[in-house]
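Below you'll find the structure, written out as structure tokens, and then a few comments.
The values are calculated or read from the model by the stated rules, or taken from the named source; none is laboratory data. Note that this is a predicted model, so its numbers are computed, not measured. Ideal geometry is used to build each Cβ from the backbone, glycine not excepted, and the neighbour counts take in all protein chains shown. Ligands, DNA and RNA are stripped out before the accessible areas are found, and what is left, the full protein with its side chains, is counted by its heavy atoms. Shrake-Rupley method; radii C 1.70, N 1.55, O 1.52, S 1.80 Å.
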Amino acid sequence: MGGVGKTTLARLLYNDTKVQAHFQLHVWICVSDDFDIFKISKTMFQAVSGQKKEFEDLNQLQKGESTEIRDLNQHQKGESTEVRDLTQLQKALTEQFKDKRFLLVLDDVWTENYDHWEKLVRPLYSGAPGSRVIMTTRKNELLKMLGFDHLDLLESLSSGDALSLFAMHALGVDSFDSYPTLREKGEAIVKKCGTLPLALKAIGRLLRKKNTRKMG
């Protein structure tokens, strides 16, 4: 389920000062539904190396006209014309992670393809013991294939906690006790949002912003 706070929880862990001090390398990547192994790996490499290096397949580039024709066809189809060398990229990533303790967060992973996952994490095996990968996902199948049979799933907030969260972002207080006439409307909004934290925070902030403008 989206909006229950998976990313928020992961971000709290990632930004914790003790966690930051414990790991030599820190990488946060928002994956979403486009599980492009090359793109994710390149983002990972740039994060740990600080380099904007391109990984082009020189063999393909040396094919000349045939490559140009292929790229033209790809362009007409709306596909990427980038000539990409995943092998060289992953070799470079392997060197970057080698013998280093790292923390990698892959946020909002949608893929359930085990082979894609295996290919993506191949360079990570060179890291030092104690390295960690945090993955947030609303898809459970990949986790089960990776051997995580007992999953700790984040649930929606209770009605009371949800109302308190909404009040905090809409009114700047942790309850509607000081605004009893607004409680019924607040409860209705909480119910419509299904007590999801992300939706409640967004609507609360929007309402607070509108009220601030009116007062100004």
- Counting just the residues of region 157-178 that are of a type in the set (Gly, Ala, Ser) and within 13 Å of Gly194 (Cβ to Cβ), which one comes out most open to solvent (accessible area, probe 1.4 Å)? Ser159
- Show the residue pairs that are 6+ apart or on different chains and have beta-carbon atoms under 6 Å apart, the first residue being within region 115-134 and over 10 Å from Ile37 (Cα atoms) and in contact (Cβ under 8 Å) with a residue 40 or more places away in the chain, the second being open to solvent by 30 Å² or more (accessible area, probe 1.4 Å) and part of a helix (DSSP H, G or I). Pro123/Thr94
- Query: Yes or no: Ile203 open to solvent by 40 Å² or more (accessible area, probe 1.4 Å), β-branched (Val, Ile, Thr) and within 30 Å of Asp85 (Cα to Cα)?
  - Reply: no
- Query: What is the number of the single condition among (1) at pLDDT 80 or above; (2) open to solvent by less than 80 Å² (accessible area, probe 1.4 Å); (3) under 14 Å from Leu198 (Cα atoms) that Leu154 does not meet?
  - Reply: (1)
- Exactly one of Asp16, Asp36 is at pLDDT 90 or above, over 26 Å from Asp115 (Cβ atoms) and charged (D, E, K, R), and that one is Asp16
- Which one of the conditions (1) in a helix (DSSP H, G or I); (2) touching a Lys or Arg at 6+ places or on another chain (Cβ under 9 Å) does Arg208 fail to meet, given that it meets all the rest? (2)
- Task: Kindly list, by first and then second residue, each pair from a residue in region 36-52 that is under 15 Å from Thr111 (Cα atoms) to a residue that is open to solvent by 10 Å² or more (accessible area, probe 1.4 Å) and in a helix (DSSP H, G or I), limited to pairs with Cβ atoms under 7 Å and residues at least 6 apart or on different chains.
- Result: Ile37/Leu86; Ile37/His116; Ile37/Lys119; Phe38/Leu86
- Item | Residue list for region 1-51, filter: polar (S, T, N, Q), surrounded by fewer than 18 Cβ atoms within 10 Å (Cβ to Cβ) and under 18 Å from Lys91 (Cβ atoms) | Thr43, Gln46, Ser49, Gln51
- Residue tally, condition open to solvent by 50 Å² or more (accessible area, probe 1.4 Å), within 25 Å of Gly5 (Cα to Cα) and not charged (D, E, K, R), over region 115-139: 1
